[in-house]
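Novice: Okay, here's the structure, questions in a sec.
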Amino acid sequence: MEQREKLVETIIEGIQEKKGSQIVVADLSGIEGTICRNFIICQGNSPSQVEAIAESIGEFARKKLGEKPAHVVGLRNAQWVAMDYTDVLVHIFLPEVRAYYDLEHLWADAQLTTIPDLD
């Protein structure tokens, strides 16, 4: 399995560990001129949950794959945290912020995969 695919799976595990929901993986590899190969979009119900999801993703990626994000922004107010793993960008939103920016619609020409929420 390719390293990027392993990273996507590991990030999803990190999200699910902290009960992140409505996970969508956008495969941008077929679109010319994109800044990365995958977007992973999810949400938490409070700023503290958004922050916990970001921390969990970082921990899972570091421990399982030795990967660290090049940049992490948005932790101060934790309404929208973006984590840059170069070929994979992770966006963790509060629900109302996610609805406002509607990244899934912005990348509607990408192949979108919805990951079922864990019970």
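Novice: Please sort by residue number the GluC sites (Glu not before Pro) in the range 16-77 whose DSSP state is loop and whose Cβ has at most 15 other Cβ atoms within 10 Å.
Specialist: The qualifying sites are GLU32.
Novice: Is there a quick way to get the dipole size of the range 60-119? I mean about its Cα centre, with the Cβ of Lys and Arg at +1 and of Asp and Glu at -1; what is the value in debye to the nearest 20?
Specialist: Magnitude of the dipole: close to 460 debye.
Novice: Restricting attention to the range 62-119, which trypsin sites (Lys or Arg not before Pro) occupy a DSSP loop and are surrounded by at most 16 other Cβ atoms within 10 Å?
Specialist: Listed in order of number, the matching sites are ARG76.
Novice: Which percent of the accessible heavy-atom area of the chain goes to carbon and sulfur, probe 1.4 angstrom?
Specialist: Of all accessible area on the chain, carbon and sulfur atoms account for 49 percent.
Novice: Using Stokes-Einstein with the Kirkwood hydrodynamic radius over Cα pairs, what translational diffusion coefficient do you get for the range 1-66 at 37 °C and a viscosity of 0.692 mPa s, in µm²/s rounded to a whole number?
Specialist: Translational D for this selection: 264 µm²/s.
Novice: Send over the semi-axes of the chain's equivalent ellipsoid, whole angstrom and largest first, taken as the square roots of 5 times the C-alpha gyration tensor eigenvalues. Show your work: numbers first, answer last.
Specialist: Working: eigenvalues 73, 61, 36 Å².
Calculated on Cα positions only, the semi-axes equal 19, 17, 13 Å.
Novice: Hey, what's the chain come to in accessible area per residue, 1.4 Å probe, Å²?
Specialist: Heavy-atom SASA per residue in the chain reads 56 Å².
The values are calculated or read from the model by the stated rules, or taken from the named source; none is laboratory data. The model shown is predicted, which means the values in this text are computed figures rather than measured ones. All Cβ positions, glycine included, derive from the backbone under ideal geometry; neighbour counts span all protein chains shown. Only protein heavy atoms, including side chains, enter the accessible area calculation; ligands, DNA and RNA are left aside. Shrake-Rupley method; radii C 1.70, N 1.55, O 1.52, S 1.80 Å.
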